[in-house]
Amino acid sequence: MFQDGSGLIATFAIFAIAYLVRPFGGLVLGPLGDRIGRKRVLALTIIMMSAATFAIGLLATYAQIGILAPILLLVARLVQGFATGGEYGGAAAFIAEYAPDRRRGFYCSFLEFSTLGGFVLAAGMETTLQLTLPPDAMETWGWRVPFLVAGPLGLVGLYLRSKLEDTPAFQQLESDDDVSEAPLRELLTRHWCPILLVMGLVLFYNVADYTVLF
């Protein structure tokens, strides 16, 4: 019983660790996008996320490589969380900079809509595998399939993002040679009050959101 309980706690801990590093991904990759452009950073984040997810599908089991298995899983989850922290904020900024003023909220809502759509598709794939595969097959290789799908999906996403152009706002900054060298510092010194307000709103929203989803 103790082993089962400790295993469950370890599973939730590995799941949660990715959320703990998300802010660091935003702090590092967000300002990087302000300096070199959203397009490059969004290409980097999709490579990191798809590679880490694909790697989880290839991991050896504990019986094969011992303690190295959970360590590698933890590293993959850390990479996923770090990349997601930069992905979400960068994508939101990218959409907001392209959207017209009166439709900015509507356009940005598709970011959350697509995120939830991804949850639904992933859950649907997992459910289909559980219903169609024998339990033994599901435990040995079936669980890997959703993770391995991230490989080709990541390549498709990278191709699509390579065709994007940086936002007109960033291109204008580049042409005026007005790209900030310290965007995070400027943001924190000039707009700290709205940042705290948004942090509070997102905190309550995410708690409610993930309580319902999980």
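Taken together, the values in this text are just the output of simple stated rules run on the coordinates, not laboratory data. Since we're looking at a predicted model, the values are computed, not measured. For neighbour counting, all protein chains shown are included, and Cβ atoms are generated from backbone atoms with ideal geometry for every residue, glycine included.
Among Gly157, Ala51, Gly117, which residue has its Cα positioned farthest towards the positive end of the charge dipole of region 2-181, with +1 placed on the Cβ of Lys and Arg, -1 on the Cβ of Asp and Glu, and the dipole taken about the Cα centre? Farthest towards the positive end: Gly117. Among Ile56, Ile71, the order by Cβ neighbours within 10 angstrom, fewest to most, reads Ile71, Ile56.
The order of Thr53, Thr127, going from fewest to most other C-beta atoms within 10 Å of their C-beta, is Thr127, Thr53. Per the Kirkwood formula applied to alpha carbons, region 76-140 shows a radius of gyration over Rh ratio, Rg over Rh, of 1.19. Counting only Cα atoms, the size of region 24-99 along its three principal axes is 51, 19, 16 Å, in decreasing order. Mean residue ellipticity, 222 nm, helices only, the chain: the sum of -39500 (n - 2.57) across DSSP H runs of n ≥ 4, divided by residue count and rounded to 500, is -28000 deg cm²/dmol. The simple spin-label model puts a point 7 Å past each Cα toward its Cβ; for Arg103 and Leu160 those points are separated by 1.8 nm. Can you tally the net charge around Ala43? Count Lys and Arg as +1, Asp and Glu as -1, for every other residue whose Cβ sits under 14 Å from the Cβ of Ala43. Neighbourhood net charge equals +2.
The Cβ shell under 15 Å around Ala18 holds other residues with a net charge of +1, Lys and Arg each +1, Asp and Glu each -1.
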